[in-house]
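Asks: Got a structure for you, questions after.
The values are calculated or read from the model by the stated rules, or taken from the named source; none is laboratory data. Note that the coordinates shown come from a computational prediction; the quantities given were computed from them, not determined experimentally. Neighbour counts run over all protein chains shown; Cβ positions are idealised from the backbone, glycine included.
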């Protein structure tokens, strides 16, 4: 029973991480295209 729950959590966690990664890549791409200066110095927020 615990194994099934952990598998479900792992799958859900992976999907959530992929969504986060996608949003982060989109934000980074928008920042780079809007202001080239942000390429050399990452945002510290």
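Asks: Being more than 12 Å from the chain's Cα centre (by Cα), surrounded by 10 or more Cβ atoms within 10 Å (Cβ to Cβ) and at pLDDT 85 or above: is that true of residue 17 here? Lay out the reasoning, then the answer.
Replies: Numbers: more than 12 Å from the chain's Cα centre (by Cα): no; surrounded by 10 or more Cβ atoms within 10 Å (Cβ to Cβ): yes; at pLDDT 85 or above: yes.
Spelling it out, it is not the case that residue 17 is more than 12 Å from the chain's Cα centre (by Cα), surrounded by 10 or more Cβ atoms within 10 Å (Cβ to Cβ) and at pLDDT 85 or above.
Asks: Next question, about the same structure. On the given criteria, is residue 11 at pLDDT 85 or above, surrounded by 10 or more Cβ atoms within 10 Å (Cβ to Cβ), more than 14 Å from the chain's Cα centre (by Cα) and assigned to a helix (DSSP H, G or I)? If you could, list the steps in order and put the result at the bottom.
Replies: Values: at pLDDT 85 or above: yes; surrounded by 10 or more Cβ atoms within 10 Å (Cβ to Cβ): yes; more than 14 Å from the chain's Cα centre (by Cα): yes; assigned to a helix (DSSP H, G or I): yes.
So residue 11 fits the description; yes.
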